[in-house]
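**Q** Dumping the structure here so I can ask a few things about it.
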Amino acid sequence: MDFKDLSQFIVLADTLHYGRAAQKCHTSASTISRVVQRIEDDVGQRLFERDRREVHLTQAGVEFKAFALRTLEQYQLLKRQLHAEASELQGELSLYCTVTASYSFLSEILSAFRARYPKVDIRLRTGDAAQAVATVLRGEVDIAIAARPDQLSSRLAFKPITQSPLHFIAPTESVGVSELLGASTINWAEVPMVMAETGLGRTRVDNWFRRQHIKPYIYGQVSGHEAIVTMVALGFGVGVVPELVLNSSPMADKVRILNMTPELEPFSVGLCTQAKHLEHALVKAFWLVCEEWLRD
């Protein structure tokens, strides 16, 4: 007795007709008869009462039909489970992001991804936001959380997650800086600026001053927006940071947002990967999980 025998038995038990059962099973009536005989020999009971006109299940046949249905259902379930386990994604996925992104929205996306693909190892690398896109282009990581460049390379794919305004910030308790900012006309040649060394934020600030025909006084240059918030909070000067960074900073209560016009163009923050990597199973899966998370 095998699973094929059980399937053919169930067809006959449903149709109660050897000819129709043979048609459904794409075999002959004599084959169906031999299957029934083989099962009855194994079970030691007659499962069908048959005469020239009709076929009926015996009580043993009714019970065996229930057994056969349960057995085939469990077998199909087992096959699906084994197939799922065999095809379950495995491997390593490398990500790059800032410290801020790692404990803000990325943590939720990672939780959803790991719940669905527990066998995928995540290698998370944190660093300066200014290096995120370059890290992807160099092939050092699969995916980065990055601000979308003004000119997106054709080699890259980008999925926006959130918008983050850029704010000028000043210390709440620095008398010297406050006096300079309190003047009717701010003399930016005297206001100390704490700037990012490189990156999209630095470009936006440089362009803003250039359009105002202002040459700023650059007091210090640091790596990362988080460091700008810290330097400003300590009273070293004025800085420009994304709202996303400011809201997550433990120093946020020590700085204040300046109302500047015109406003700086906000960041579009999202996933960035090499376009060709979207066909890779792990990257594609992470992309889709992020899409579902955004819809929720």
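**Q** Please list, by residue number, everything in segment 20-51 whose backbone N is under 11 Å from a paramagnetic label point 7 Å out along Cα→Cβ of L72.
**A** The answer is 25.
**Q** May I pose another question? Work out, step by step, the length gained on full extension between S178 and D42: first 0.36 nm times the residue separation, then minus their alpha carbon distance; give nm to one decimal. Walk me through the numbers on the way to the answer.
**A** On the way: separation 136, 0.36 × 136 = 48.96 nm, distance 9.49 nm.
Difference between extended and current length: 39.5 nm.
**Q** A further question follows. Identify which of the listed values of Rg and Dmax of the Cα atoms in Å was calculated from the structure shown: (1) 22.1, 90; (2) 34.2, 110; (3) 19.3, 60.
**A** Read-out from the structure maps to (2).
**Q** Where does the charge balance sit around D14 when Lys and Arg score +1, Asp and Glu -1, over other residues with C-beta under 12 Å from its C-beta?
**A** Values: positive: R20, K24, K65; negative: none.
Counting the neighbours of D14, the net charge comes to +3.
**Q** By the scheme Lys and Arg +1, Asp and Glu -1, what is the net charge of all other residues having a beta-carbon under 14 Å from that of D206?
**A** Net charge in that neighbourhood comes out at +2.
**Q** Expressed as a whole percentage, what fraction of the accessible surface of segment 1-132 belongs to carbon and sulfur atoms when a 1.4 Å probe is rolled over the protein heavy atoms?
**A** Carbon and sulfur: 49 percent of the exposed surface of segment 1-132.
**Q** Determine the per residue accessible area of the chain with all protein chains present and a 1.4 angstrom probe, expressed in square angstrom.
**A** Result: 55 Å² per residue.
**Q** For labels at I218 and V99 in the simple 7 Å Cα→Cβ model, what's the distance in nm?
**A** Those two pseudo-labels are separated by 2.4 nm.
**Q** On to the next question. Fully extended, how many nm does the chain gain between Q59 and D121 (0.36 nm per residue separation, minus their Cα-Cα distance)?
**A** Details: separation 62, 0.36 × 62 = 22.32 nm, distance 5.48 nm.
Taking 0.36 nm per residue and subtracting the Cα distance, the gain is 16.8 nm.
**Q** Could you go through segment 163-169 in sequence order and give the Karplus-derived ³J(HN,Hα) for each residue, using 6.51 cos²θ - 1.76 cosθ + 1.60 with θ = phi - 60°, rounded to whole Hz, and x for Gly and Pro?
**A** Once θ is set to phi - 60°, the couplings for segment 163-169 become 9, 10, x, 9, 10, 6, 10 Hz.
**Q** Averaging sequence separations of C-alpha pairs under 8 Å and six or more residues apart, then dividing by the length of the chain, give the relative contact order as a whole percent.
**A** Computed over the chain, the figure is 19 percent.
**Q** Dipole of segment 1-55, Cα-centred, from +1 at each Lys and Arg C-beta and -1 at each Asp and Glu C-beta, to the nearest 20 debye?
**A** Approximately 260 debye in magnitude.
**Q** Let's test the formula: R0 of 25 Å, r as the Cβ-Cβ distance of D5 and D51. What FRET efficiency results, to the nearest 0.05?
**A** 0.60
**Q** For segment 187-241, which whole-number percentage of the solvent-accessible area (1.4 Å probe, protein heavy atoms only) is attributable to carbon and sulfur atoms?
**A** Numbers: 1270 of 2480 Å².
It is 51 percent, rounded to a whole number.
**Q** Also, I was wondering about something else. Report the gain in length on full extension from L278 to R211: 0.36 nm times residue separation, minus Cα-Cα distance, nm rounded to one decimal.
**A** Going from the current span to full extension adds 20.3 nm.
The values are calculated or read from the model by the stated rules, or taken from the named source; none is laboratory data. Being a predicted model, the structure only gives us computed values, none of them experimental. All Cβ positions, even for glycine, are placed from backbone atoms using ideal geometry, and neighbour counts span all protein chains on display. Only protein heavy atoms, including side chains, enter the accessible area calculation; ligands, DNA and RNA are left aside. Shrake-Rupley method; radii C 1.70, N 1.55, O 1.52, S 1.80 Å.
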